[in-house]
Amino acid sequence: MSQPESYPLLSRIGSPSDLRELPAAELQALAGELRAFLLESVSSTGGHLASNLGTVELTIALHYVFNTPDDRLVWDVGHQSYPHKILTGRREAMPGLRRKGGLAGFPKRAESPYDTFGVGHSSTSISAALGMALAARQLGEDRHAVAIIGDGAMTAGMAFEALNHAGDQKANLLVVLNDNEMSISPNVGAMNNYLARLLSGKVYSTVREGSKRVLDHMPPMREFMRRAEEHMKGMIVPGTLFEELGFNYYGPIDGHDLPSLVKTLKNLRALPGPRLLHVVTRKGHGYAPAEQDPCGYHGVGQFDPSQGLAAGKAPSSPSYTQVFGQWLCDMAEADARLVGITPAMREGSGLVEFSQRFPERYHDVGIAEQHALTVAAGMACDGLKPVVAIYSTFLQRAYDQLIHDIAIQNLPVLLAIDRAGVVGPDGPTHAGSFDLSYLRCVPNLTVMAPADEDECRRMLSTGFHLDGPAAVRYPRGKGPGAAIDPGLDTLPVGKAQLRRKGRSVALLAFGAVLPAALAAAEPLDATVVNMRFVKPLDEALVREMAEGHDLLVTLEDNVVAGGAGSAVAESLSARGISVPLLHLGLPDRFQDHGSREELLSEAGLDAEGILAAVRARLDDVPSRSGRDDCQSAPTRVISK
């Protein structure tokens with residue numbers, strides 16, 4: 001990281017109280033230093049870049065005007081929270097951003113008193129800030145609550161539920177709508193900034209409130225004036241919806257104009273009740289490559305800022321996301337009933353090519369996971385074959401729709417579940433640790449976990465051709481590099497695959513942990529089964545393994561509680577089969593951020609961890625087969 005002399009103003013800011021000591025005239029220079037520091041920092045660590053570059057001025061203004069942390073700032077999602085972290089005493093810790101033991105990539109209550117609410121999923125900020133405002137009112141405490149939410153997050157129903165409640169409660173809440181849609185920029189300028197300052201000023205507010213009190217005695221005139229005011233404001237600002245929900249609307253205002261931001265926020269801080277400030281920013285602001293390609297610079301790895309994101313060489317093997325994207329296009333060519341649905345994750349879920357080749361069959365529903373599943377159910381009712389591309393952690397938000405709208409009606413909807421299991425640097429809010437547990441208990445649902453890229457493609461075809469709901473869950477990143485058959489072949493439903501024949505110990509691997517299981521099996525001389533299906537389980541093969549081995553070990557990239565291992569135990573118990581069992585999976589706690597490899601190792605799901613756990617368990621298991629755990633015997637490897 002650069003020396004303090006490179007950032008003379010920023011290096012003096014150890015907390016927002018230091019920031020509030022600066023003259024307002026120096027804030028613009030501070031913004032320049034903060035943006036330069038942010039670019040230098042994120043380019044060396046990776047992380048979210050474009051969204052953070054776009055909120056530099058807004059973050060400075062908020063901490064400058066509000067008495068944080070006593071006044072509560074709640075950031076939605078947290079993609080834009082790096083400037084906030086830098087200004088709140090964590091500048092020197094930025095080199096460890098999103099690395100094991102370092103700063104989290106999102107606001108985290110345990111990390112700083114300035115992180116008032118832990119986030120990571122979209123559209124929670126207004127609800128949380130409203131809760132804080134109501135708590136302050138009940139406790140008689142004089143403090144402010146501010147929710148900062150992006151325009152994309154406003155597509156979620158939860159945000160409007162919170163707005164509706166806040167307007168009804170007349171809570172002392174400020175919502176800052178950070179709008180970075182390019183199409184609105186022509187509406188931003190000196191006139192709009194002037195109007196925002198005017199509408200938030202004391203004179204306007206006093207006149208309006210005084211007029212309402214006077215007109216309360218003349219209801220027809222009061223209603224006429226209310227409609228006239230709404231009509232005039234509707235001509236100059238897009239705030240009628242928020243006004244109807246009970247908010248006083250101000251803006252739009254240029255989110256990169258620090259003097260206007262500070263002035264308007266000061267005015268709004270002095271006003272009571274629900275207020276909404278519409279701020280227009282530009283993702284990637286101040287760094288031309290990110291301004292031109294905000295999607296490409298949304299989440300970045302390490303790169304040279306002077307060169308930008310180089311195209312790089314094509315990877316030797318595709319990621320699971322790319323495997324899904326190619327399969328989706330191929331299956332769409334083969335079956336005209338296929339439609340692709342995503343809740344605002346086109347790039348992340350691999351639907352870019354599909355959206356370009358089949359625009360009439362591509363549906364991005366916005367950040368609305370519940371709606372994504374129910375609209376898929378409606379399509380399936382009338383003869384289409386919907387494929388919903390969704391992250392494991394985001395599918396949690398649509399669990400009721402999965403059960404109520406899809407599974408109960410046994411509708412043929414395929415869930416392509418990306419980022420399953422350990423995800424890595426984004427931390428516990430984005431980990432797909434629970435899907436096997438919450439999916440396998442749902443009737444009518446087929447649940448599959450591929451061990452490699454080719455198997456992923458085959459499972460997607462299998463799920464697509466079923467007459468009921470199906471889920472294929474696959475991890476982030478690349479698999480072991482298996483050769484991929486370009487066909488659209490299916491797998492026999494509910495049938496596992498014997499991959500290695502050994503003695504004494506049988507390793508039953510579900511999904512991406514298979515390579516680690518195969519590596520651990522060599523010194524153990526263990527049998528290895530690629531289970532493939534979590535539901536329906538290959539109960540016949542499980543029984544065969546139990547009858548022929550001293551110890552069954554289940555392995556899954558999912559929490560142990562209620563997961564695939566539990567399915568094995570339940571199956572054996574129902575048949576009265578008693579055999580020593582060892583369940584290996586993710587721990588019963590939330591793992592912090594780190595690389596996927598680090599977190600798997602921490603959970604004991606790498607080859608070394610599996611080997612150690614099995615050997616420790618074998619010390620308590622009586623042998624039925626005369627095993628010698630220290631000697632390797634000739635084995636038979638079962639080819640695919």
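With respect to Gly487, is the statement that it is at pLDDT below 95 and either under 26 Å from Lys385 (Cβ atoms) or among the hydrophobic types (A, V, I, L, M, F, W, C) (or both) true? When the stated conditions are applied, Gly487 does not pass them. Number of residues in the stretch 134-147 that are over 14 Å from His165 (Cβ atoms) and touching a residue at least 24 places away in the same chain (Cβ under 8 Å): the value is 4.
Of all the numbered requirements in (1) outside any helix (DSSP H, G or I); (2) over 20 Å from Phe106 (Cα atoms), Glu5 misses one, and that requirement is (1).
Restricting attention to the stretch 455-497, the residues that are within 27 Å of the chain's Cα centre (by Cα), open to solvent by 30 Å² or more (accessible area, probe 1.4 Å) and within 20 Å of Ala332 (Cβ to Cβ) add up to 1. Just one of the listed residues (Ala431, Ala416, Ala451, Ala420) is open to solvent by 10 Å² or more (accessible area, probe 1.4 Å), more than 22 Å from Gly157 (Cβ to Cβ) and of a type in the set (A, V, I, L, M, F, W, C), and it is Ala431. Being buried (at least 22 other Cβ atoms within 10 Å of the Cβ), within 30 Å of Ala171 (Cβ to Cβ), over 26 Å from the mean Cα position of the chain (by Cα) and modelled with pLDDT of 90 or more is a property that does not hold for Pro343.
Kindly establish whether Gly131 is over 17 Å from Gly239 (Cα atoms), surrounded by 16 or more Cβ atoms within 10 Å (Cβ to Cβ) and without any contact (Cβ under 8 Å) to a residue 12 or more places away in the chain. Against the criterion (over 17 Å from Gly239 (Cα atoms), surrounded by 16 or more Cβ atoms within 10 Å (Cβ to Cβ) and without any contact (Cβ under 8 Å) to a residue 12 or more places away in the chain), Gly131 qualifies. Within the stretch 75-92, the residues that satisfy the criterion of being in contact (Cβ under 8 Å) with a residue 60 or more places away in the chain, surrounded by 21 or more Cβ atoms within 10 Å (Cβ to Cβ) and not in a loop (DSSP other than H, G, I, E, B) are Trp75, Ile86, Leu87, Thr88.
Residues that are in contact with a Ser or Thr (Cβ under 8 Å, 6 or more places away or on another chain), open to solvent by less than 30 Å² (accessible area, probe 1.4 Å) and among the aliphatic types (A, V, I, L, M) within the stretch 554-568 comprise Val559, Ala564, Val568, listed in sequence order.
Taken over the stretch 93-118, residues that are among the hydrophobic types (A, V, I, L, M, F, W, C), surrounded by 18 or more Cβ atoms within 10 Å (Cβ to Cβ) and either in contact with a strand residue (DSSP E or B) (Cβ under 6 Å, 6 or more places away or on another chain) or not in a loop (DSSP other than H, G, I, E, B) (or both) amount to 3. The single residue among Met545, Met531 that is open to solvent by less than 20 Å² (accessible area, probe 1.4 Å) and under 32 Å from the mean Cα position of the chain (by Cα) turns out to be Met531.
If you filter the stretch 522-541 down to residues that are without any contact (Cβ under 8 Å) to a residue 40 or more places away in the chain and assigned to a helix (DSSP H, G or I), you find that the one that is nearest to Leu582 (Cα to Cα) is Glu539. Scanning the stretch 127-168 for residues that are among the acidic types (Asp, Glu) and touching a helix residue (DSSP H, G or I) at 6+ places or on another chain (Cβ under 9 Å) gives Glu141, Asp142, Asp151, Glu161.
A count restricted to the stretch 427-470 and to residues that are among the aliphatic types (A, V, I, L, M) and more than 22 Å from Ala517 (Cβ to Cβ) stands at 5.
Per-residue answers, yes or no, for (1) in a helix (DSSP H, G or I); (2) surrounded by 20 or more Cβ atoms within 10 Å (Cβ to Cβ); (3) in contact with a strand residue (DSSP E or B) (Cβ under 9 Å, 6 or more places away or on another chain); (4) of a type in the set (Ser, Thr, Tyr):
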position: Val339; (1), (2), (3), (4): no, yes, yes, no
position: Glu347; (1), (2), (3), (4): yes, no, no, no
position: Phe354; (1), (2), (3), (4): yes, yes, yes, no
position: His371; (1), (2), (3), (4): yes, no, no, no
position: Ala380; (1), (2), (3), (4): yes, yes, yes, no
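Figure legend. Inter-residue proximity from the stretch 345-363: first residues in contact (Cβ under 8 Å) with a residue 24 or more places away in the chain, second residues open to solvent by 20 Å² or more (accessible area, probe 1.4 Å) and assigned to a helix (DSSP H, G or I), beta-carbon distance below 7 Å, spacing 6+ or different chains. Indicated pairs: Gly350/Gln322; Val352/Arg346.
Taken together, Ser17, Ser41 contain a single residue that is under 21 Å from Gly284 (Cα atoms) and assigned to a helix (DSSP H, G or I), which is Ser41.
Leu551 - would you say it is open to solvent by 10 Å² or more (accessible area, probe 1.4 Å), touching a Lys or Arg at 6+ places or on another chain (Cβ under 8 Å), touching a residue at least 40 places away in the same chain (Cβ under 8 Å) and more than 15 Å from Ala451 (Cα to Cα)? So Leu551 fails the test.
The values are calculated or read from the model by the stated rules, or taken from the named source; none is laboratory data. These numbers were taken from a predicted model, which means no experiment stands behind them. All Cβ positions, glycine included, derive from the backbone under ideal geometry; neighbour counts span all protein chains shown. Just the protein is used for accessible areas: all its heavy atoms, side chains included, with ligands, DNA and RNA removed. Shrake-Rupley method; radii C 1.70, N 1.55, O 1.52, S 1.80 Å.
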